[in-house]
Structure formats: C-alpha cells, structure tokens
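All remarks here apply to the structure that follows.
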Amino acid sequence: MKMNKEIKKILVPIDNSPNSIQGLNKAIYLARQCGASITAFHVLELPMSSVIHITNSMLENGIKKADKIISKSIKISDKEEIGVDYKTSSGRPGAEIVKFAQKNMFDLIVIGARGLGSGKELLLGSVSSYVIHKSKIPVLLVR
C-alpha cells in the first residue's frame, strides 16, 4: 500500500457507544480536511448459534435499536452540515466491518476504541481489536 494514498472514502462503525460517536465526529473532521465521503455502518448482532432460533421479535428489536443509533448519528451529521451515508448489516460485527470495508474499497476505517460489545478487554473492545488485526485497510482508533 502506498503511504501517500488519498483518503476519499471513510467507514465509521457505529453502535451508540460514546467512542463510536467520537469516531463519527473524528471522521467528520477528517472528511472536511480531505474532501472525503463518510459511510456510517451499523452491524445488527444476532445470535449465531444453531441452538438459538432468531424470532421475528428479536429481529424487530434489533432493527429498532439500529434505527435509534442511526437517528442519533444523523442528528450529529445534520448539525455538522455534512452528508453521511448509512448502511447496516447483520452478523459478527468485526468480521462484517472488515468485509464491508474491503468489498467497498474504503480508504480508512475510523473506529471507537471500545463499543457496546460484551467483551471486556482492558484497553480495546473485542470488535475494534478484531478490526485492527484483520483489516488490510488503515484503521484510526478513537478514544
């Protein structure tokens, strides 16, 4: 990878944690400096076990949660008067973020150091740790 590659497409994983909101704010700042576009990406984490059957109620609750998270992010981007594209997916958040970033050829991932995940790593959240270690795209970690 060239070190002088321009930043034109920024991916920001959002989960309504304070650090993901900080990530969105930092991405907005960077986008202004670089003339880049921003995509906020929320992963609906559903049980991946064959033992647990995903009910319509579980899916509806997840969608309502995602709508709230996206609404909060829209308020921030509207206040900052910058356009942000919003995308959602479902699955394991870290893997979905890395896959989406690579598939859509983002130049940078801006991610909060800790989110709302259940992992209790001391300094990094499990999702941000996964993204840092698996992404082939540069990652900016925000606290």
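Taken together, the values in this text are just the output of simple stated rules run on the coordinates, not laboratory data. Only a predicted model underlies this, so the values are computations on that prediction, with no experimental measurement involved. Cβ placement follows ideal geometry from the backbone for every residue including glycine, while neighbour counts extend to all protein chains displayed.
Specify the inter-centroid distance of the range 1-40 and the range 52-114, based on alpha-carbon positions, in whole Å. What the calculation gives is 13 Å, centre to centre.
What length, rounded to one decimal in nm, is gained on full extension from R32 through to E80, with 0.36 nm per residue of separation minus their alpha-carbon distance?
On the way: separation 48, 0.36 × 48 = 17.28 nm, distance 1.03 nm.
So the extension gain works out to 16.2 nm.
Each label point was placed 7 Å from the Cα along the Cα-to-Cβ direction; for M58 and R143 their separation is 3.6 nm. Taking H as built 1.01 Å from N, whose amide H comes closer than 5 Å to the amide H of K9, not counting residues under 5 places away? Residues meeting the criterion, in which the H sits 1.01 Å from N, are S37, D107, L108. Backbone N atoms of the range 10-27 closer than 16 Å to the 7 Å Cα→Cβ label point of M105 belong to residues 10-11. Which of K5/K65; K8/K72; K79/K134; K5/K68 have a Cα-Cα distance over 30 Å? Check vs 30 Å cut-off fails for K5/K65; K79/K134; K5/K68. Between the amide H of L44 and those of S89, S90, G91, distances stay under 5 Å, these residues lying 5 or more places away or on another chain, with hydrogens modeled in the peptide plane. Which lysines does K9 reach when only Cα atoms under 17 Å apart count, and residues fewer than 8 places away in its own chain are ignored? Filter leaves K26, K87, K99, K103, K136. The packing ranking of peptides 87-93, 16-22, 107-113, highest mean first, is 107-113, 16-22, 87-93, where packing means the average number of other beta carbon atoms within 10 angstrom of each residue.
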